[in-house]
Amino acid sequence: MIHSLSLSRLSIVRGERVLFRELDFELQAGEVCALVGANGAGKTSLLRAVAGLIRQDAGEIIFHDGDRNRLDPREARGREVHLLGHLDGLKGARTARDELAFQCDWLGHTQDGVDEAVETFGLKPLLDLEVRKLSAGQRRRLALGRLVGSPRALWLLDEPMGPLDARWRAVFAEAMQRHLRSDGLILAAVHDALPMPVRTLDLGGLA
Ligand SMILES: Nc1ncnc2c1ncn2[C@@H]1O[C@H](COP(=O)(O)OP(=O)(O)OP(=O)(O)O)[C@@H](O)[C@H]1O
(Lines give C-alpha, C1' and ligand atoms only; values in the text may rest on other atoms or scores of the structure.)
Protein backbone atom coordinates (compact mmCIF):
# COMPACT_ATOMS: atom_id res chain seq x y z
CA MET A 1 0.00 0.00 0.00
CA ILE A 2 1.22 3.53 -0.75
CA HIS A 3 2.57 4.96 2.49
CA SER A 4 4.20 8.08 1.09
CA LEU A 5 4.37 10.19 -2.04
CA SER A 6 7.62 12.01 -2.74
CA LEU A 7 8.22 14.66 -5.37
CA SER A 8 11.93 15.12 -5.93
CA ARG A 9 13.30 18.08 -7.90
CA LEU A 10 10.17 17.96 -10.04
CA SER A 11 9.80 20.31 -13.01
CA ILE A 12 6.82 20.62 -15.33
CA VAL A 13 6.62 22.65 -18.52
CA ARG A 14 3.32 23.14 -20.37
CA GLY A 15 3.55 24.72 -23.80
CA GLU A 16 6.18 27.43 -23.49
CA ARG A 17 5.75 27.93 -19.75
CA VAL A 18 7.76 26.45 -16.90
CA LEU A 19 5.04 25.89 -14.29
CA PHE A 20 7.49 25.03 -11.53
CA ARG A 21 11.06 23.87 -11.29
CA GLU A 22 12.84 21.54 -8.83
CA LEU A 23 9.85 21.10 -6.55
CA ASP A 24 10.49 18.92 -3.47
CA PHE A 25 7.56 17.68 -1.44
CA GLU A 26 6.55 14.68 0.65
CA LEU A 27 3.15 13.46 1.77
CA GLN A 28 2.79 10.67 4.34
CA ALA A 29 0.01 8.25 5.22
CA GLY A 30 -2.65 10.03 7.27
CA GLU A 31 -1.81 13.47 5.85
CA VAL A 32 -3.82 15.88 3.74
CA CYS A 33 -2.23 18.72 1.80
CA ALA A 34 -3.96 21.65 0.12
CA LEU A 35 -2.41 22.46 -3.23
CA VAL A 36 -2.88 26.19 -3.77
CA GLY A 37 -1.83 28.84 -6.28
CA ALA A 38 -3.22 31.30 -8.81
CA ASN A 39 -5.26 30.22 -11.83
CA GLY A 40 -2.82 28.63 -14.23
CA ALA A 41 -0.12 28.06 -11.59
CA GLY A 42 -0.05 24.34 -12.36
CA LYS A 43 -2.20 22.63 -9.72
CA THR A 44 -4.13 20.44 -12.18
CA SER A 45 -0.94 19.70 -14.10
CA LEU A 46 0.77 18.51 -10.92
CA LEU A 47 -2.16 16.25 -9.98
CA ARG A 48 -2.19 14.80 -13.51
CA ALA A 49 1.56 14.19 -13.38
CA VAL A 50 1.25 12.35 -10.04
CA ALA A 51 -1.56 10.27 -11.57
CA GLY A 52 0.69 9.46 -14.54
CA LEU A 53 -1.46 11.23 -17.15
CA ILE A 54 1.25 13.68 -18.18
CA ARG A 55 5.02 13.40 -17.91
CA GLN A 56 7.20 15.66 -15.87
CA ASP A 57 10.12 17.33 -17.63
CA ALA A 58 12.60 16.58 -14.87
CA GLY A 59 12.70 15.07 -11.43
CA GLU A 60 10.90 12.09 -9.94
CA ILE A 61 7.52 11.10 -8.56
CA ILE A 62 8.06 8.26 -6.09
CA PHE A 63 5.62 6.07 -4.21
CA HIS A 64 6.91 4.21 -1.12
CA ASP A 65 5.38 1.47 0.98
CA GLY A 66 5.46 1.43 4.79
CA ASP A 67 8.99 -0.03 4.80
CA ARG A 68 10.21 2.75 2.54
CA ASN A 69 10.53 0.40 -0.43
CA ARG A 70 9.83 2.03 -3.79
CA LEU A 71 6.63 0.79 -5.37
CA ASP A 72 6.31 0.18 -9.09
CA PRO A 73 4.72 3.46 -10.21
CA ARG A 74 2.43 1.84 -12.79
CA GLU A 75 1.08 -0.62 -10.27
CA ALA A 76 0.75 1.99 -7.55
CA ARG A 77 -1.17 4.30 -9.89
CA GLY A 78 -3.31 1.52 -11.32
CA ARG A 79 -4.40 0.10 -7.99
CA GLU A 80 -4.02 2.74 -5.35
CA VAL A 81 -4.62 6.19 -6.80
CA HIS A 82 -7.89 8.00 -7.37
CA LEU A 83 -7.82 11.15 -9.49
CA LEU A 84 -10.99 13.20 -9.31
CA GLY A 85 -10.75 16.04 -11.80
CA HIS A 86 -12.97 18.99 -12.75
CA LEU A 87 -14.90 16.90 -15.26
CA ASP A 88 -15.82 14.12 -12.83
CA GLY A 89 -15.28 11.38 -15.43
CA LEU A 90 -19.00 10.53 -15.67
CA LYS A 91 -20.98 9.59 -18.76
CA GLY A 92 -24.05 11.79 -19.26
CA ALA A 93 -26.27 9.18 -20.89
CA ARG A 94 -25.91 6.58 -18.13
CA THR A 95 -28.15 6.51 -15.10
CA ALA A 96 -26.44 7.17 -11.80
CA ARG A 97 -27.08 3.51 -10.94
CA ASP A 98 -25.38 2.29 -14.14
CA GLU A 99 -22.53 4.70 -13.61
CA LEU A 100 -21.93 3.30 -10.14
CA ALA A 101 -22.12 -0.25 -11.53
CA PHE A 102 -19.59 0.73 -14.20
CA GLN A 103 -17.27 2.15 -11.55
CA CYS A 104 -17.80 -1.08 -9.66
CA ASP A 105 -16.30 -3.09 -12.51
CA TRP A 106 -13.65 -0.60 -13.48
CA LEU A 107 -12.23 0.25 -10.09
CA GLY A 108 -12.95 -2.99 -8.28
CA HIS A 109 -15.73 -1.81 -6.00
CA THR A 110 -17.43 -4.42 -3.90
CA GLN A 111 -21.23 -4.31 -3.58
CA ASP A 112 -20.64 -3.14 -0.01
CA GLY A 113 -18.57 -0.32 -1.45
CA VAL A 114 -21.38 0.72 -3.77
CA ASP A 115 -23.84 0.63 -0.87
CA GLU A 116 -21.48 2.75 1.20
CA ALA A 117 -21.14 5.29 -1.61
CA VAL A 118 -24.94 5.48 -1.96
CA GLU A 119 -25.37 5.84 1.80
CA THR A 120 -22.56 8.36 2.35
CA PHE A 121 -23.49 10.74 -0.44
CA GLY A 122 -27.29 10.38 -0.34
CA LEU A 123 -27.44 8.92 -3.86
CA LYS A 124 -30.53 6.73 -3.47
CA PRO A 125 -33.04 9.26 -4.86
CA LEU A 126 -30.74 9.95 -7.82
CA LEU A 127 -30.05 6.38 -8.93
CA ASP A 128 -32.57 6.24 -11.77
CA LEU A 129 -31.72 9.65 -13.20
CA GLU A 130 -29.43 10.04 -16.18
CA VAL A 131 -26.18 11.68 -15.15
CA ARG A 132 -26.78 14.58 -17.57
CA LYS A 133 -29.92 15.45 -15.62
CA LEU A 134 -28.11 15.80 -12.31
CA SER A 135 -27.24 19.20 -10.90
CA ALA A 136 -23.56 20.08 -10.56
CA GLY A 137 -23.58 19.26 -6.86
CA GLN A 138 -25.47 15.96 -7.37
CA ARG A 139 -23.01 15.00 -10.09
CA ARG A 140 -20.09 15.75 -7.82
CA ARG A 141 -21.64 13.62 -5.05
CA LEU A 142 -21.92 10.74 -7.52
CA ALA A 143 -18.29 11.22 -8.53
CA LEU A 144 -17.17 11.37 -4.90
CA GLY A 145 -18.95 8.07 -4.30
CA ARG A 146 -16.12 6.24 -6.01
CA LEU A 147 -13.66 7.49 -3.40
CA VAL A 148 -15.45 5.88 -0.50
CA GLY A 149 -16.72 2.88 -2.46
CA SER A 150 -13.38 1.71 -3.78
CA PRO A 151 -10.54 1.79 -1.28
CA ARG A 152 -7.45 3.44 -2.74
CA ALA A 153 -4.73 5.00 -0.64
CA LEU A 154 -3.98 8.22 -2.49
CA TRP A 155 -6.73 10.67 -3.37
CA LEU A 156 -5.82 13.38 -5.90
CA LEU A 157 -8.64 15.87 -5.89
CA ASP A 158 -9.14 18.90 -8.13
CA GLU A 159 -11.46 21.44 -6.49
CA PRO A 160 -13.52 18.67 -4.89
CA MET A 161 -15.76 20.94 -2.82
CA GLY A 162 -16.59 23.41 -5.63
CA PRO A 163 -20.24 22.62 -6.41
CA LEU A 164 -21.16 21.15 -3.00
CA ASP A 165 -23.49 22.97 -0.61
CA ALA A 166 -22.68 23.31 3.10
CA ARG A 167 -24.33 20.02 4.07
CA TRP A 168 -22.43 17.93 1.54
CA ARG A 169 -19.17 19.78 2.18
CA ALA A 170 -19.48 18.65 5.81
CA VAL A 171 -20.27 15.07 4.74
CA PHE A 172 -17.28 15.05 2.40
CA ALA A 173 -15.04 16.49 5.12
CA GLU A 174 -16.05 13.56 7.35
CA ALA A 175 -15.26 11.11 4.53
CA MET A 176 -11.83 12.72 4.16
CA GLN A 177 -11.20 12.43 7.90
CA ARG A 178 -12.15 8.74 7.84
CA HIS A 179 -9.77 8.18 4.92
CA LEU A 180 -6.93 9.86 6.81
CA ARG A 181 -7.63 7.82 9.95
CA SER A 182 -7.24 4.66 7.87
CA ASP A 183 -3.80 5.86 6.70
CA GLY A 184 -4.96 7.37 3.43
CA LEU A 185 -3.21 10.31 1.76
CA ILE A 186 -4.97 13.31 0.17
CA LEU A 187 -3.57 15.97 -2.15
CA ALA A 188 -6.31 18.44 -3.05
CA ALA A 189 -6.11 21.47 -5.35
CA VAL A 190 -8.30 24.13 -3.77
CA HIS A 191 -9.13 27.80 -3.99
CA ASP A 192 -11.30 27.76 -0.84
CA ALA A 193 -9.86 26.52 2.45
CA LEU A 194 -10.53 22.88 3.30
CA PRO A 195 -12.67 22.47 6.43
CA MET A 196 -9.87 20.92 8.49
CA PRO A 197 -6.31 21.81 9.46
CA VAL A 198 -4.04 21.01 6.52
CA ARG A 199 -0.55 21.52 5.24
CA THR A 200 -0.23 23.72 2.19
CA LEU A 201 1.81 23.37 -0.97
CA ASP A 202 1.78 26.76 -2.70
CA LEU A 203 2.62 26.85 -6.41
CA GLY A 204 2.48 30.62 -6.31
CA GLY A 205 1.21 33.01 -8.95
CA LEU A 206 1.89 33.54 -12.60
CA ALA A 207 5.16 35.16 -13.52
N1 LIG B 1 -2.42 20.54 -22.78
C2 LIG B 1 -1.82 21.72 -22.52
N3 LIG B 1 -0.98 22.27 -23.41
C4 LIG B 1 -0.36 23.44 -23.17
N5 LIG B 1 -0.54 24.15 -22.03
C6 LIG B 1 -1.37 23.64 -21.13
C7 LIG B 1 -2.05 22.41 -21.31
N8 LIG B 1 -2.81 22.17 -20.21
C9 LIG B 1 -2.60 23.20 -19.39
N10 LIG B 1 -1.74 24.08 -19.92
C11 LIG B 1 -1.27 25.33 -19.34
O12 LIG B 1 -0.59 25.03 -18.14
C13 LIG B 1 -0.82 26.06 -17.20
C14 LIG B 1 -1.26 25.42 -15.88
O15 LIG B 1 -2.56 24.89 -16.04
P16 LIG B 1 -3.25 24.11 -14.83
O17 LIG B 1 -4.60 23.67 -15.33
O18 LIG B 1 -2.32 23.09 -14.33
O19 LIG B 1 -3.38 25.29 -13.75
P20 LIG B 1 -4.22 25.36 -12.39
O21 LIG B 1 -3.29 25.86 -11.33
O22 LIG B 1 -4.89 24.05 -12.13
O23 LIG B 1 -5.29 26.47 -12.74
P24 LIG B 1 -6.81 26.75 -12.20
O25 LIG B 1 -6.69 27.32 -10.81
O26 LIG B 1 -7.29 27.78 -13.19
O27 LIG B 1 -7.57 25.45 -12.29
C28 LIG B 1 -1.83 27.02 -17.81
O29 LIG B 1 -1.15 28.15 -18.29
C30 LIG B 1 -2.43 26.22 -18.94
O31 LIG B 1 -2.81 27.05 -20.02
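The values are calculated or read from the model by the stated rules, or taken from the named source; none is laboratory data. Bear in mind the structure is a predicted one, so any value in this text is a computation, not a measurement. Neighbour counts run over all protein chains shown; Cβ positions are idealised from the backbone, glycine included.
Evaluate the following for SER6: is it away from the ligand (no atom under 15 Å from the Cβ), of a type in the set (Ser, Thr, Tyr), in a strand (DSSP E or B) and surrounded by fewer than 19 Cβ atoms within 10 Å (Cβ to Cβ)?
Working: away from the ligand (no atom under 15 Å from the Cβ): yes; of a type in the set (Ser, Thr, Tyr): yes; in a strand (DSSP E or B): yes; surrounded by fewer than 19 Cβ atoms within 10 Å (Cβ to Cβ): yes.
Yes: the conditions hold for SER6.
Going by what's in this entry, would ILE12 be described as hydrophobic (A, V, I, L, M, F, W, C), surrounded by 15 or more Cβ atoms within 10 Å (Cβ to Cβ) and under 14 Å from LEU187 (Cβ atoms)? No; evaluated as a whole, the condition is false for this residue.
Scanning region 37-78 for residues that are surrounded by fewer than 19 Cβ atoms within 10 Å (Cβ to Cβ), touching a residue at least 60 places away in the same chain (Cβ under 8 Å), over 13 Å from the mean Cα position of the chain (by Cα) and within 16 Å of LEU187 (Cβ to Cβ) yields one hit, HIS64. Listed by position, the helices (runs of 4 or more DSSP H) contained in region 91-207 that have at least 1 residues being within 16 Å of the ligand (Cβ to nearest atom) are 136-149. Of all residues in region 9-26, those satisfying the criterion of being of a type in the set (D, E, K, R) and part of a strand (DSSP E or B) are ARG9, ARG14, ARG17, ARG21, GLU22, ASP24, GLU26.
Going through region 27-67 one residue at a time, which ones are more than 13 Å from the ligand (Cβ to nearest atom), over 14 Å from THR200 (Cβ atoms) and part of a loop (DSSP other than H, G, I, E, B)?
As a first pass, look at region 27-67 and keep what is more than 13 Å from the ligand (Cβ to nearest atom): 27-33, 52, 58-67.
Those left that are additionally over 14 Å from THR200 (Cβ atoms): 28-30, 52, 58-67.
If the condition is that a residue be more than 13 Å from the ligand (Cβ to nearest atom), over 14 Å from THR200 (Cβ atoms) and part of a loop (DSSP other than H, G, I, E, B), then ALA29, GLY30, GLY52, ASP65, GLY66, ASP67 are the ones that fit.
Look through region 20-36, keep the residues that are touching a Gly at 6+ places or on another chain (Cβ under 8 Å) and more than 25 Å from LEU180 (Cα to Cα), and return whichever of them is surrounded by the fewest Cβ atoms within 10 Å (Cβ to Cβ). Can you show your working first?
Initial filter on region 20-36 (touching a Gly at 6+ places or on another chain (Cβ under 8 Å)): 20, 22-23, 29-30.
Those left that are additionally more than 25 Å from LEU180 (Cα to Cα): 20, 22.
Values: PHE20: 19, GLU22: 11.
So the residue we want is GLU22.
Residues that are in contact with a helix residue (DSSP H, G or I) (Cβ under 9 Å, 6 or more places away or on another chain) and either of a type in the set (Lys, Arg) or under 22 Å from GLY149 (Cα atoms) (or both) within region 53-69 comprise just one, ARG55. Checking each residue in region 172-197 for being crowded, with 18+ Cβ neighbours inside 10 Å and modelled with pLDDT under 90 picks out only LEU194.
So which residues in region 157-189 are under 20 Å from GLU99 (Cβ atoms) and of a type in the set (A, V, I, L, M), if there are any at all? Hits for region 157-189 are LEU157, LEU164, VAL171, ALA175. All conditions but one from (1) under 13 Å from the mean Cα position of the chain (by Cα); (2) surrounded by fewer than 18 Cβ atoms within 10 Å (Cβ to Cβ) apply to ASP158; the one that does not is (2).
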